[in-house]
Each structure stands twice: as structure tokens, then as C-alpha cells.
Amino acid sequence: MRRLNFPKDAPPAARPRLAVTDAARTPDPAAMAARLPPGTVVLFRHYDAPDRRALGARLARVCRQRRLYLLVAGDARLAAALGADGLHLPEYLARRGPPPVARLWLRRRGGVLTVAAHSPAALAWAAALGADLALLSPVFPTRSHPGAATLGPVRFALWAGRAGVPVAALGGVTAATARRLPGAAALAGVPPVATRLP
């Protein structure tokens, strides 16, 4: 198991990049991953895809070939079956705590645990779970959620600074907006944005 490191005070060039899959914008996650640089973290969501297991298997092969890290969202059994590097919990699962199968898999594998967060309470849940990283969103306006309330760089920095866990910025993060996020331990986005981050 390769270990990911998410330091809270990493310089911009050393911050990990997370490419988040989205069924609408990245219908073929394996093809998307084939264009990513080695070392990128791929967060496989596609929650409702009827062929999620097959999509995940193709994605896992590409991740291994290209030396990418693979996190599977919301399904520890699928993460284990794919040989993923870790598990991502949506906020509602983090609030309840990971199911026993997820705890057991993470303990046995020493895998990475990331958690979605949209509030200070969610960041606290992530810290209490011992997460390696919380993905805080939306930081800036996004095409996927037009008109949604955003945190902005000041609130992001305040919440991230008080979190007991490294925090990644997600939502409207581009090369230009990333410069306004010195407190982000990692930068996340749906490709092609994630491929153009600094």
C-alpha cells in the first residue's frame, strides 16, 4: 500500500492534486485518468452508475499503469475489490461514522481515508474519524452547482486553519484561484481543471 501524505503547510508546488470523477463530465474515468500525470489522486465517485464495478476495474488498471493513487467513494467493498489506495466518505457517511466493513478494511490495509465536508461540523467529524484529508467545498462558484453559496478564500482559510485534519479545496479551483488558497493541503477538481492546477 502506497502512503499518501497531506501536509497542512505544503508549498503550492508540493500540494497533491485530486482528480474527482463525475458521471456527467467524466463519463469514462479510465480515459480521463490516462491523461493525468503520475502521482495524481483519482477520486472515483460515479455513485449511481449501473456499471460502476466495471468502470472502477478499468480505472484501477489505468491508475496502476500510470502510477496514480485511487480512492473509491462510499463503498469499502468495491475499494477492496479494486485494490484501491483508500476510501472516500461522503459527508452523510462521515456523520454516522464509517460502516464496520470500512473500518476493518482501512485497518487491515492501512489505506487512506478522505471525507467530504461542507461545514466546520463536518471537518470535526473528519478529524474525529482520523481522516487523512477532508475535501472542503464549494470554495468558489462551480459549473456543476451554479448559484450555490460558496465559502470563498477567507472562510476556507479560517475553517481549514481550525480543522484538526489537512483540508483540500474543492469547487471552482483553477490555476488562478488556487493562488488564493495558501492554507490548502491539496487541490481538487473535476478534469480537465485538475490537470491545469499549479
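For this structure, a couple of remarks:
- Any chance LEU93 is modelled with pLDDT under 95, under 30 Å from LEU158 (Cβ atoms) and part of a helix (DSSP H, G or I): yes
- Qualifying residue in the stretch 182-189 (condition: among the small types (Gly, Ala, Ser), assigned to a helix (DSSP H, G or I) and open to solvent by 30 Å² or more (accessible area, probe 1.4 Å)): no
- Just one of the listed residues (ARG143, ARG103, ARG155, ARG108) is over 18 Å from ALA84 (Cβ atoms), of a type outside the set (Gly, Ala, Ser) and not in a loop (DSSP other than H, G, I, E, B), and it is ARG155.
- The single condition among (1) open to solvent by less than 20 Å² (accessible area, probe 1.4 Å); (2) in contact with a Leu (Cβ under 7 Å, 6 or more places away or on another chain); (3) closer than 23 Å to TRP125 by Cα that LEU93 does not satisfy is (2).
- Restricting attention to the stretch 138-170 and to residues that are in contact with a Gly (Cβ under 9 Å, 6 or more places away or on another chain) and either under 18 Å from THR40 (Cβ atoms) or modelled with pLDDT under 90 (or both), the residue that is surrounded by the most Cβ atoms within 10 Å (Cβ to Cβ) turns out to be ALA169.
- Scanning the stretch 62-82 for residues that are more than 25 Å from LEU170 (Cα to Cα) and loosely packed, with under 15 Cβ neighbours inside 10 Å yields a total of 3.
- Put simply, of ALA80, ALA124 the only residue that is assigned to a helix (DSSP H, G or I), in contact with a helix residue (DSSP H, G or I) (Cβ under 6 Å, 6 or more places away or on another chain), more than 17 Å from THR21 (Cβ to Cβ) and small (Gly, Ala, Ser) is ALA80.
The values are calculated or read from the model by the stated rules, or taken from the named source; none is laboratory data. What you see is a predicted model, and the numbers here were worked out from it, not measured in a lab. A quick note on method: Cβ atoms are made from the backbone with ideal geometry, for glycine too, and the neighbour counts reach across all protein chains shown. When the accessible area is computed, the model is the full protein with side chains, heavy atoms only, and any ligands, DNA or RNA have been set aside. Shrake-Rupley method; radii C 1.70, N 1.55, O 1.52, S 1.80 Å.
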